[in-house]
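What follows is a short report on a single structure.
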């Protein structure tokens, strides 16, 4: 443990304190977790030692924005009001509410950054997840900033479902006088790019709210656009927000030190050595699924079950050279990129996406050529036609179908988007495998439009040398986490590579001796060749840490059997577990599996609980709100 001490006097201390020490405490345990606390001086504080202990226990578990809210609450009590301000709303001036709906955590982190920027400007600002927001508060708002991701095929993230439904219902209030702006997160390779953000923007307008700053739609490389939107939106709201008055109701608490910035990030990844690579499929399988073990030794990287490993892949060398040959350029030709001057070969290998055609890329390319057919595909109302044409095609297909005379390497890279990292659910527990991260990778290969196609990252990993190192970082997912109660029952539904985080969940519970029962539904094509982690799962079951294991192998009989069918077969027992407080987790395919499992869950609750489908749906919504139903789908 190391201590960083700085003295502050009684005039600058929190309400109810005289002199004290502001102490930055760095505690390193098995998980190498870091936290910061305010330590109360037992000699000068009016609190009893027991009260001091309780305060330290509470503040040690809070984020900076939560501590800020708590300081306002305490100030309100000290002022005689007896009631906490609404999570930071001050009663004597305009305030700003920041709402976020996030599935994997990107939106939440951006919202926290926005909140910090608003406080720095002196705005009275509130930060809330849409999952915790009381929808009836909407009509009381004056100034709103919303950050929203789009999930699945244009669906709102779980946290935003209820509010999304509410603003589109007959109960939605008129919002005349409400100012707002929206930051939308999405992926241009999907048909319904940023749909949730667009939905909120359009509906708030219909309800009479005023868009004080234009909505920004962000692609997977969102950092710069998001930062520009934050600065622009906060500046736009300056005219309607009062600055926090000098000498506010309470003496301000010394600013909470920010959590340590991670050493290794997407822009500065750790080079992780490959320790092991095993094909989980048996001989004769139509699939290749890799179990990969990577060393994090010396990195200081830590993670929790439910988090993902971000990997920055390279494009296939043969694809890069075929593209350069098509251009007729020298691979060593220099091109200017946002990361500086590079060779054309290096830029196309490491920095630009060349295997996926997105609408913005096609639009920029269409501006370079005179192909009427391509222009027609981009016309309004033909998005489905464009998506159908681009499905399975890459940059080489585009250049061959609609050639541009004299196209240079520089002109080409200028229209491309950055090669985004790929996220893989971590399939291990740090408790079971210190300084390691395991991932489960389905190697993607198929033939379409007369050419062999290869998944970028899966083949990059599959083709690595045994002694290779790969660039990685940890992507925290706060919305897919084990319950704090070790006795809570878990129901885990993860067909195919969706089983990965549940291997981590089970290892973690085993390492901590958690007593709660665990039930896994797993599915794939064939028992003999596609039972991923069969040895591990059977050992967990034998040792009692995996209470129940139900499997569905779709191609081992005439009619296809999937995990949702097994759920319905076990409906009575499944409902009993849910009724007794089980947490339900789903991981895997977002397009077919997840909606089918969701529908099966509602059907089971309706039939076994004697409810209508509508009431059963409300039960599931409440489970989502209570974080008893969590999904990590892709």
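What the table below lists for this structure:
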item: Residue in segment 504-517 that is in the same structural domain as residue 597 (by TED's automatic domain parsing), in contact (Cβ under 8 Å) with a residue 24 or more places away in the chain, in contact with a helix residue (DSSP H, G or I) (Cβ under 7 Å, 6 or more places away or on another chain) and farther than 18 Å from residue 485 by Cα present; result: no
item: All positions within segment 152-206 that are free of Cβ contacts under 8 Å to residues at least 12 places away in the same chain and either assigned by TED's automatic domain parsing to the domain that holds residue 380 or not in a helix (DSSP H, G or I) (or both); result: 169, 170, 171
item: Matching residues, segment 116-151, being within 21 Å of residue 623 (Cβ to Cβ), part of a loop (DSSP other than H, G, I, E, B) and in contact with a strand residue (DSSP E or B) (Cβ under 7 Å, 6 or more places away or on another chain); result: 130, 133
item: Qualifying residues in segment 129-161 (those that are in contact with a helix residue (DSSP H, G or I) (Cβ under 6 Å, 6 or more places away or on another chain) and over 16 Å from residue 204 (Cβ atoms)) - the one surrounded by the most Cβ atoms within 10 Å (Cβ to Cβ); result: 149
item: Residue that is modelled with the lowest pLDDT [pool: residues in segment 578-626 that are surrounded by fewer than 16 Cβ atoms within 10 Å (Cβ to Cβ) and not in a helix (DSSP H, G or I)]; result: 591
item: Segment 334-370: number of residues that are part of a loop (DSSP other than H, G, I, E, B) and surrounded by fewer than 16 Cβ atoms within 10 Å (Cβ to Cβ); result: 4
item: So residue 549, is it at pLDDT 95 or above and crowded, with 20+ Cβ neighbours inside 10 Å; result: no
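For every residue, the table says whether it meets (1) out of contact with any helix residue (DSSP H, G or I) (no Cβ under 9 Å at 6 or more places or on another chain); (2) more than 14 Å from residue 505 (Cα to Cα); (3) modelled with pLDDT under 95.
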{"position": "453", "(1), (2), (3)": "yes, yes, no"}
{"position": "465", "(1), (2), (3)": "yes, yes, yes"}
{"position": "478", "(1), (2), (3)": "no, yes, yes"}
{"position": "483", "(1), (2), (3)": "yes, no, no"}
{"position": "490", "(1), (2), (3)": "no, no, no"}
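The values are calculated or read from the model by the stated rules, or taken from the named source; none is laboratory data. These numbers were taken from a predicted model, which means no experiment stands behind them. We place every Cβ from the backbone using ideal geometry, glycine too, and count neighbours over all the protein chains shown.
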